[in-house]
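All remarks here apply to the structure that follows.
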Amino acid sequence: MPSDIALKSIFLGPQSENADWFERKVEEVLSHTFKWRQSRFPQDGRAISLQDTQQAEFIALQKKMSSALQELLHSLEGETPKFTPRYIGHMVSEISLPSLLAEFALLLHNPNNASKEAAKVGLVIERQAIEDLAKMIGFNPNLARGHFTSCGTVANFEALWRCLYWFDRKLSLALCLIDKNKKPKEDFFNLCHVSREKWLELSVQFSVQEVELNRFSILLQGPWGVPIREIIGTPFRGPILLVPGNRHYSWPKAAAVFGLGNASAWTVSLDKDGRLDVNDLKQKIEQARKEQRPILSVTSVAGTTELGEVDPIGEVQAVLEQHKNGQGLHLWHHVDAAYGGFFSCLKKSETSLLSQKILSAFEAFAKVDSITIDPHKLGYVPYACGAFLVKDEIHYQTYQVRAPYLQKETAVQAGWATTLEGSRSAAGAAAVWLTAKTLPFDSAGLGRILEKTIEAKHVFASELAQVQNINLVSPSDTNVLCFSFASKSDDIKVANNKTMNLFEKIEREPNFSVSRTTLLRSSYAKMISRLCGEWQVVDDGISDLVVIRLVLMNPFIVSKEMQIDFAKSFAQELK
Ligand SMILES: Cc1ncc(COP(=O)(O)O)c(C=O)c1O
C-alpha cells in the first residue's frame, strides 16, 4: 500500500501549503494560452498597441477594473470557508488541484459543448471523461453514453426525459395497436413495458409507420391531444415514477417540471434502517399494474441526501429482472448516485471500511439503466459539475429537435440535440478528465481519499459516542454522520428542541460549520421509531426527528500533522 504522502499533493491544503506549485502551474496555463493565441494568426497584427496602453483613458478603465476586483476579493473574504476540515456542513469541501487547473485552462479557451463547431476539443475531452466514469461504475465504456450537466438535479431530469421518451414510444404503439384492434385493451399495461426489441418487432409485424405513431404520441401531440381514455376504455391517470422515501427533492421537482404532477411520484417506503424497502417496491409495482398506471422509472439512491445511505441496489435490480423474465415487464432502473457515486471506486477493495453489503450495492451499478453522479461532490471538482450516464445508446435517445444554425448532431452523442441544457461548459468534463489521469477512479487512486473520509466518520463517531446525551443515528453507510441531542426518557419534541438549540449554538460559534436535517415521519417512520427505542426517547408516533448532520468529506479531517485533532475538538465543543 503506498503511503498517503502523495495524496497531499492533490489539494491546495488548509494553509495553502501547495501554493507555490499551484502558482507555477497557473502561470504555465496562462503562458501556454498566451502563446497559443499569438501563434494562431500572427500575420493579423496587434489590435491593442503599446501607445493605447499608455493612454489615460485606457489606464483609468484598468484602474476601475482593478478596484472592482479588489472589492470582489474583499467581499469574498466573508464567503463560507469550505476548504477547512472545520467545515463539515453540506456536501462540499476542498476542491482538487487537478480539477482547478483543468477548469482554469478550459475557462481561458471557453469551449461550448453544445456543438463540435464551438468545442472541437471540449467534446472529445467530455467523451473521454464519460468513459472514465463509465469504467468506474462498471458500464462498458465503449457502449455507455452520457454527458456532464450543471448539477445532479439536471442529471436526474435527463434520466426522466429519456424514460419519458421511451414510455411515449411504447404508449404510442400500444394505443395504435389497440385502436386498430390488433391487440386487446387488457394488454395496455404490458404493452407500455415491452422491451425495445419487442417494440421494434411489433412495429414491423403490424406495419406501424412513424406517422401513425406520432398521432398517438403525448410528447408530440401533448397529453390532451391523444384520446387515451376512448382507446383503452377506462380513465387514464398518467404514468408514475417510483422513488424511495429517502429521495432528493429533485424528483418531485422533476415530476412537476415534466408536467406529470407531484402525485405521480409514488413513494416507495423505507425500512427501519432508512433504506428502500424492496417488499414495498414489489407492492407498488403491483398497485401500478392494478391501476393501469405505467411505470416510467424506478429510482434507488446511492448516498442519500440526509444520511449518506445506500439503497439495496442489487436487490432492486433483481426484482426488476424478475418482472422482466417472468412477465416481460421492462422497468427502467435509475440510480441517483449524485452523492455516493464515486464510492464505486472502492467496490473491488478488500480492505475497505465500507461494509460488504454496501460494496455489493456499488457492484450492482453495472446492471442498471442509468446513473447520476456529481463530480462537484465527492469528485472534489468545482461547481457546476454533474454527470448523467446510460449503459448504451438506445437508453440515450430522445426526440430530435431541429436547430437550423447548428450542424446536425446524432441522437447518441452529447450535443445540443441530446442535452436538456443548451450552451454547456467543457470545464467540468476537463476537471474530471484531469482528475482521472492523476488519480484513477479505483481503490488505489481516488478511492484512497474516499476511504480516509470513511475513516474520519468512524473517528468522529467514536469521539461523539463519549459525549453525554449525543445519540448517533445508525446505520451510517458512508461518510455522513448524524446525531440527536437528548436525555433518556425525553419526549421526541423535547429532543428536537434540544437538538435545534445545540445546532444554533454551533452555528453561532466560529469553530465548526455543521448542517441539520429533519427525518420526516412520512418517509422515515420505521427508522424514527427504532432510533427512539434505542435512545430511550419517547416517541409520540407523529413528530419528525431533527438531527445534526456532519458531512465528513474533507480529505484532511484526520490529518496527523495538523496541530488540532478535529474530532476531539468538535466533541469538546459539544461538551
Ligand atoms: C441524492 C442526491 N441527488 C441529487 C442531488 C442534487 O444535486 P445538485 O444539488 O447538484 O442539483 C443531491 C444533492 O445533494 C443529492 O444528495
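Points worth noting:
- Along the range 311-322 the Karplus relation, 6.51 cos²θ - 1.76 cosθ + 1.60 evaluated at θ = phi - 60°, assigns HN-Hα couplings of 5, x, 4, x, 5, 4, 4, 5, 4, 5, 5, 4 Hz to successive residues, with x for each Gly and Pro.
- Over the chain: helical MRE at 222 nm, DSSP H runs n ≥ 4 each giving -39500 (n - 2.57), nearest 500: -13500 deg cm²/dmol
- The range 281-397 - Debye-derived log10 I(q)/I(0), Cα point model, q = 0.13, 0.16, 0.19, 0.20 Å⁻¹: -0.55, -0.80, -1.05, -1.13
- What separates the Cα centres of the range 224-246 and the range 191-216 is a distance of 19 Å.
- Entries of Lys282/Lys498; Lys348/Lys568; Lys253/Lys457; Lys357/Lys452; Lys253/Lys348 with Cα pairs more than 28 Å apart: Lys282/Lys498; Lys348/Lys568; Lys253/Lys457; Lys253/Lys348
- Note on Lys437: aspartates and glutamates with a C-alpha under 14 Å away, same-chain residues under 8 apart excluded, are Glu126, Glu131, Asp132.
- Low-density loop cleavage sites - chymotrypsin sites (Phe, Trp or Tyr not before Pro) in the range 163-248, where at most 15 other Cβ are within 10 Å (DSSP): Phe206
- For Lys63, a cut-off of 30 angstrom between C-alpha atoms picks up these lysines, skipping any fewer than 8 places away in its own chain: Lys25, Lys35.
- Summing charges over neighbours of Val459, with a neighbour being any other residue whose Cβ is under 14 Å away from its Cβ, gives 0 when K and R count +1 and D and E count -1.
- Sequence-distant lysines (8 or more away, or on other chains) whose Cα lies within less than 18 Å of Lys182: Lys170, Lys198
- Surface composition of the chain: carbon plus sulfur atoms hold 53% of the accessible area, using a 1.4 angstrom probe and ignoring ligands, DNA and RNA.
- Each semi-axis of the equivalent ellipsoid for the range 446-574 is √(5λ) with λ an eigenvalue of the Cα gyration tensor; in descending order they amount to 27, 16, 12 Å.
The values are calculated or read from the model by the stated rules, or taken from the named source; none is laboratory data. Everything numeric in this text was worked out from a predicted model, so none of it was measured. Neighbour counts are summed over all protein chains in view; Cβ atoms, including those assigned to glycine, are modelled from backbone coordinates with ideal geometry. With ligands, DNA and RNA removed, areas are computed over all heavy atoms of the protein, side chains included. Shrake-Rupley method; radii C 1.70, N 1.55, O 1.52, S 1.80 Å.
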